[in-house]
Amino acid sequence: MWADALTKFGNAAGAVVVFVAVLLLIFFAAGRASGRVSKPLAVTIFLGPALLLLAVGLVVPAIRTITLSFYNDDSTKFLGGNNYTWAFTSSGEQQILLNTLLWIIVAPVVTTVLGLVLALLVDRLRHQGLYKAFIFMPMAISFVGASIIWKFVYNYRDPSQPQIGLLSQICLWLGWHNPPNWILSHPLNNFLLMVIMVWVQTGFAMVVLSAAIKAIPDEITEAAVLDGARGWRLFQYVTIPMIRNTLVVVLTTVMITTLKLFDIIRTMTGGNFGTQVLANEMYSQSFTEFNTGRGSALAVILFVAVLPLVGYNIVQLRRERATR
Amino acid sequence: MSEETVEVAPGAEAPVVPAGGQAGAKAVRRAFSSPIASFLVIALTVVWTIPTLGLLATSLRPEKDVAQTGWWTFFAHPGITLANYHDVLFNGGFGVSNGLMPYLVNSLAITVPATIFPLALASMAAYALAWVRFKGSDIIFFVIFALQVVPLQMALVPLLQLYSGGAHIGSVTIFPSLGLGGTYAPVWISHTMFALPLAVFLLHNFIAQLPNDLIEAARVDGASHFRVFRSIVLPLATPALASFAIFQFLWVWNDLLVALTFAGGTPEVAPLTVRLAQLSGSFGDHWEILTAGAFISIIIPLAVFFSLQRYFVRGLLAGSVKG
């Protein structure tokens, strides 16, 4: 086993060494060139690899996916918009789109509200760094790891037996003698899975919103306080309007993550029990059912859904950089 | 170089706090000051931490205890063992021959090159776009910037077809099948491709702000672009490179989708996340093993998080729209 590990690390290290050596060699050789060729040569060497990889890895595949979405399962017969009709009208797919819609509304809103509440409250406490670190910590964990953590919380056993799932045990302690088999109960299971997303993302929302609140200029808050604004009114008429853009950015960012959500569903339920969502269905259609046409159509739908959100987000971020 | 330029995150008013805002922020917060507020924060922190604590406690309990009692009884009747970790790493314990060890090795062997490759290529591209003035550089930068909107789901199927079958137009092969199946190469290359738009964008923002005098002076003294890049730009861009490296390392380490698509599920190439997702589906009742396995997979990100929190938060905020 150790020999196997050594070979693998050797391969990885070898790849890195060869990569760096080739780069240095090219740099050395091309650095000697002078005169009129030196600039085009530099541009080609610096920019060429990235552009080539982007073309081969993103641009061409994206165009090809759009093409494939109009063909049948093995890409031999043109179907027109049939795959899209299927995606929007078959009852199974409608359920999936409905689930996805539910996800992108509930999870981002809950995350942002919790993040805002924490951002407002946490900075006044002693040891605030500690609280922030623990709430931010799930951001470091993979969705797969987070799913296993929560799958254990949702573990179900017959109520007559000793429980090992925390949620069931809490229900029993609180006097509910018949808690359901959480993961199998539709539609409750969708919300239980959303808890995982909220758990992971709230730290992100808290940190970003906390920074935005700290950045509100003193004069504005002081003027409002002199005018008699206190408590809730100060929050409603000063804080919220001042951080509106950041709130929208946090909301859309979590929405984007939610739309592309794949790992949680894959690990928790595999898309069964009425919990399937768009990104996981796209994977299942493409690589389990081997229906390239339908899988591609779902990928395009995902792309079109994400497009305005990402577009808004990166334009917003760029503008904020510019004004800073 | 000021603190402000160290900041690479375009994250919304990211965590570097402008000095002026403190008093005003205090006024807002005073308005929310009450024992109830403190209680709420502490309660939420506890709720946020308990699930992970349960995972850790379970992974340290003997198999028999895990199956019979809840992990919360562990603190009343402690019985610590590392046997689960030994089992999950080396024996498997599922009736599967090997444990997680090969997958742990794969995770490392995938993640390190998949971090270094895009870092090098993106910093080169960012330098060319920022400092080698040529016609069309603005358009190229905008196109790379705009590619951030393409979700990687759009590329999976064609890319997999390319790796396994090559590319053909009619009967003409324009790109041969490379026979890379069963190696790390497809995973490394795919992660590199998907990382580039964000990496070029972030590093360009930083590299373009380096002092003009420094680079011009070196150029006038006759240093080639390659020399300027290696001796001036890379050392000065270290904070940005570090932030992106940490972000990319964790992104690849935690990734499931790319690995599942391009590595498959074999012990030769699949990383930990892929194996854990499989185990969670098929061996859901061996909690002592599953929790130990999950803890092994999250211990590295947690270590990075607690030791490099500053870079970590920045990197994550910067990359929050990736994918």
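We did not get these values from a lab; they are worked out from the coordinates using the rules stated. What you see is a predicted model, and the numbers here were worked out from it, not measured in a lab. For neighbour counting, all protein chains shown are included, and Cβ atoms are generated from backbone atoms with ideal geometry for every residue, glycine included.
Averaged over peptide B:34-43, the number of partner chain Cβ atoms lying within 10 Å of each residue's Cβ comes to 4. Taking amide H positions as modeled 1.01 Å from N, with prolines and chain starts lacking one, the residues under 5 Å from A:Tyr71 and 5 or more places away or on another chain are A:Leu79. Sequentially through the stretch B:103-115, phi angles give Karplus couplings (6.51, -1.76, 1.60; θ = phi - 60°) of 6, 4, 4, 4, 4, 5, 5, 7, 5, 5, x, 5, 8 Hz, Gly and Pro residues having no value and appearing as x.
Phi angles across the stretch B:143-158 convert, under the Karplus curve 6.51 cos²θ - 1.76 cosθ + 1.60 with θ = phi - 60°, into 3J(HN,Hα) values of 5, 4, 4, 5, 5, 4, 7, 7, x, 5, 4, 5, 9, 4, 4, x Hz, Gly and Pro given as x. For the stretch A:230-240, 3J(HN,Hα) computed residue by residue from phi via the Karplus equation (6.51, -1.76, 1.60; θ = phi - 60°) reads 9, x, 4, 5, 4, 4, 5, 9, 10, 4, 4 Hz, glycine and proline entered as x. Here the Debye sum runs over all C-alpha atoms of the stretch A:263-324 as equal scatterers in vacuum, and log10 of I(q)/I(0) at q = 0.16 Å⁻¹ comes out as -0.63. In the frame of its principal axes, the stretch A:1-138 has Cα extents of 64, 59, 49 Å, reported largest first. Annotation: aspartates and glutamates with alpha-carbon distance below 20 angstrom to A:Lys151 (same-chain offsets under eight excluded): A:Asp263, B:Glu63, B:Asp65, B:Asp255, B:Asp285, B:Glu288. Counting every alpha-carbon pair across the stretch A:92-233, the share separated by more than 22 Å comes to 56%. Each label was represented as a point 7 Å from its Cα along the Cα-to-Cβ direction; for B:Phe134 and A:Ser34 these points are 2.1 nm apart. PRE reach from A:Leu172 (point 7 Å along Cα→Cβ): which of the stretch A:120-156 fall under 15 Å by backbone N? Flagged as within label range: A:153-156. Convex hull volume of the Cα atoms of the stretch A:82-323, normalised per residue: 168 Å³. Counted by Cβ distance under 14 Å from B:Tyr184, the other residues give a net charge of -2, where Lys and Arg count +1 and Asp and Glu count -1. Of the peptides A:137-146, A:54-63, B:69-78, B:264-273, the ranking by mean beta-carbon count within 10 Å, highest at the top, reads A:137-146, B:264-273, A:54-63, B:69-78. Note on A:Lys8: aspartates and glutamates with a C-alpha under 14 Å away, same-chain residues under 8 apart excluded, are B:Glu268.
Residues whose amide H lies under 5 Å from that of A:Leu125, counting only those 5 or more places away or on a different chain, are absent; hydrogens are built 1.01 Å from N in the peptide plane. Cα-based radius of gyration for the protein assembly as shown, normalised by 2.2 N^0.38 Å, reads 1.00. In straight-distance terms, cross-link reach from A:Lys132 covers every one of the aspartates and glutamates whose alpha-carbon lies under 19 Å from its own, apart from those fewer than eight places away in the same chain; here that gives A:Asp123, B:Glu13. Over the stretch A:2-68, the alpha carbon radius of gyration divided by the compact-protein estimate 2.2 N^0.38 Å works out to 1.63. Summary of the geometry: the stretch B:208-281 and the stretch A:89-105, compared by the centres of their Cα atoms, lie 36 Å apart. Computed on the stretch B:115-263, the Cα convex hull volume stands at 142 Å³ per residue. What residue among A:Thr76, A:Thr112, A:Thr257 has the largest mean-square fluctuation in a Gaussian network model of chain A, using Cα springs under 10 Å? Of A:Thr76, A:Thr112, A:Thr257, the Gaussian network model singles out A:Thr76 as fluctuating most.
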